[in-house]
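**Student:** Supplied in structure tokens, the structure appears directly below.
The values are calculated or read from the model by the stated rules, or taken from the named source; none is laboratory data. Being a predicted model, the structure only gives us computed values, none of them experimental. Every residue, glycine as well, gets a Cβ built from its backbone with ideal geometry; the counts of neighbours run over all protein chains shown.
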Amino acid sequence: MRPSIIFFDEIDGLAPVRSSRQDQIHSSIVSTLLALMDGLDSRGEVVVIGATNRLDSIDPALRRPGRFDREFLFGLPDREARKDILKIHTRQWKPPPSEDFLDELSEKCVGYCGADIRAVCTEAALCALRRRYPQIYGTSQKLLLDVSSIAVSSCDFAAALKKMSPTSHRSAASPAKPLSPVVHLLLGGALQEILNALQRMFPHAEEGMKRKRRFTVHSLDSAVLFGVSSTSPEEACAQVFCEAKRTSPSILYIPHIQQWWDTAGPALRASFLSLLGSIPSFSPILLLATCSVSFQQLDPEIQSLFREDYGEVYVLRVPTQQERTSFFQDLILNQAAEAPPSKRKTLSQAMEVLPLAPPPPPRKMSEQEHLRLEEQEEDVLRELRLFLRNITERLSLDRRFKAFTKPVDIEEVRV
């Protein structure tokens, strides 16, 4: 029936990578699919589309030209795209959020996809409803609400962001976290120095700062490599590198690199060095590592990965006296002096008694709906008559019920 489109959703489940550990059924399905796609002569009139979020799980034979010719990668939305998505989901709100608030909110929603942003808006609206009308959760009856009195504020979005976890952070916890306000006065200066050094030796970071876009962070922690029992540490390391290349510009993060190097075996070390060497020198992928020992105490192979004369090694300095004074001054005079928030609900704030919502009026049917309903009733009655006629005929032919086919003699049944 050409012209037509054939769409395979989640094609990685239909055509996974063929291997010796796979059953013969999947291999046969993949071979059949490859043969059918090669037999499509009129490719201009039959378009085949496949969608997946696990590109590395698809059989490589499907990705060669002649089968799936083009690949489109839909990454996570950047800051401007997140702002546009927020505008779409809040355009019917009265009053709509301001531009400055949308800018601030889009800055906080790093790593959120379109569905996550929509869920945040929905949860914020529910938080505003709970804050304005908590009575609705204490009764099962329908209450009469004034929708115009419900206004979604910044506190509702803050509560929604605390409850929501973006999809990209659910599979593995992201190591990227902002500096805590408690220690910001103590370590804020050192953090700014690290960012300045990073911009000098990694030009992609400066470009990301201009576009106000944060990079995706992929962790090579021991828990990530050794935590999955179904795959070997070498395979897990290769998958992390593949994801880093796919989502570039990105960051490869290794905490406690000396401890990681001592724990990893020779095979994992060789795989790591080989995968790292396969990345071009000007590729927008940054290797970020931390350690608790000096650079000279690291293993020589680790020292060869970072060049100290190029500024690729940063030693965290001791906080200055002014930074320590500001830290303790804020800690003692400001934070410790504030009373903890009370969790008790004040009894003086009596809840507003809301009237019950009237039952909805019956919907008036049009003339066409009346005719359609009458036809449906006649059809049901006709089917019922045919059914009862069949039952009565079968009962009349049964000898056990022959007495019921004659009129009842009142004299015989009189008690």
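**Student:** Say whether the condition of being among the basic types (Lys, Arg), in the same structural domain as Gly189 (by TED's automatic domain parsing) and within 30 Å of Phe72 (Cβ to Cβ) is met by at least one residue in region 296-308. Working first, answer last.
**Tutor:** Let us first name the residues in region 296-308 that are among the basic types (Lys, Arg), namely 307.
Pick out the ones that are also in the same structural domain as Gly189 (by TED's automatic domain parsing) and you get 307.
Then keep just the ones that are within 30 Å of Phe72 (Cβ to Cβ); that gives none.
No: region 296-308 contains no residue that is among the basic types (Lys, Arg), in the same structural domain as Gly189 (by TED's automatic domain parsing) and within 30 Å of Phe72 (Cβ to Cβ).
**Student:** Need pairs with beta-carbon distance below 7 Å; first residue more than 14 Å from Phe72 (Cβ to Cβ) and small (Gly, Ala, Ser) and within region 37-59, second in a helix (DSSP H, G or I) and at pLDDT 80 or above; sequence gap 6+ or separate chains.
**Tutor:** Close Cβ pairs satisfying both conditions: Ser57/Asp12.
**Student:** Within region 188-205, work out how many residues are surrounded by 13 or more Cβ atoms within 10 Å (Cβ to Cβ) and modelled with pLDDT under 80.
**Tutor:** 2
**Student:** Hey, among the residues in region 59-97 that are in contact with a Gly (Cβ under 8 Å, 6 or more places away or on another chain) and over 30 Å from Ser27 (Cβ atoms), which one's modelled with the highest pLDDT? Full working, then the answer.
**Tutor:** Keep residues of region 59-97 that are in contact with a Gly (Cβ under 8 Å, 6 or more places away or on another chain), which gives 62, 68, 76-77, 85.
Now narrow it down to the ones that are over 30 Å from Ser27 (Cβ atoms): 76-77, 85.
Numbers: Leu76: 81, Pro77: 86, Ile85: 94.
Ranking the candidates gives Ile85 first.
**Student:** Specify which of the listed residues (Glu301, Glu312) is charged (D, E, K, R) and farther than 13 Å from Phe202 by Cβ. Working first, answer last.
**Tutor:** Details: Glu312 fails: farther than 13 Å from Phe202 by Cβ.
Residue meeting the stated conditions: Glu301.
**Student:** Suppose we filter region 138-184 for residues that are in a helix (DSSP H, G or I) and modelled with pLDDT under 80; how many remain?
**Tutor:** Going through region 138-184, the residues in a helix (DSSP H, G or I) turn out to be 147-149, 154-163, 167-169, 184.
The next check asks that each one be modelled with pLDDT under 80; those that pass are 167-169.
Total meeting the criteria: 3.
**Student:** Let me ask another. Kindly establish whether Cys237 is surrounded by fewer than 18 Cβ atoms within 10 Å (Cβ to Cβ) and touching a residue at least 12 places away in the same chain (Cβ under 8 Å). Can you show your working first?
**Tutor:** Working: surrounded by fewer than 18 Cβ atoms within 10 Å (Cβ to Cβ): no; touching a residue at least 12 places away in the same chain (Cβ under 8 Å): yes.
Against the criterion (surrounded by fewer than 18 Cβ atoms within 10 Å (Cβ to Cβ) and touching a residue at least 12 places away in the same chain (Cβ under 8 Å)), Cys237 does not qualify.
A quick yes/no check of all residues on (1) surrounded by 15 or more Cβ atoms within 10 Å (Cβ to Cβ); (2) small (Gly, Ala, Ser):
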residue	(1), (2)
Met37	yes, no
Leu40	yes, no
Ala51	no, yes
Lys108	no, no
Thr139	no, no
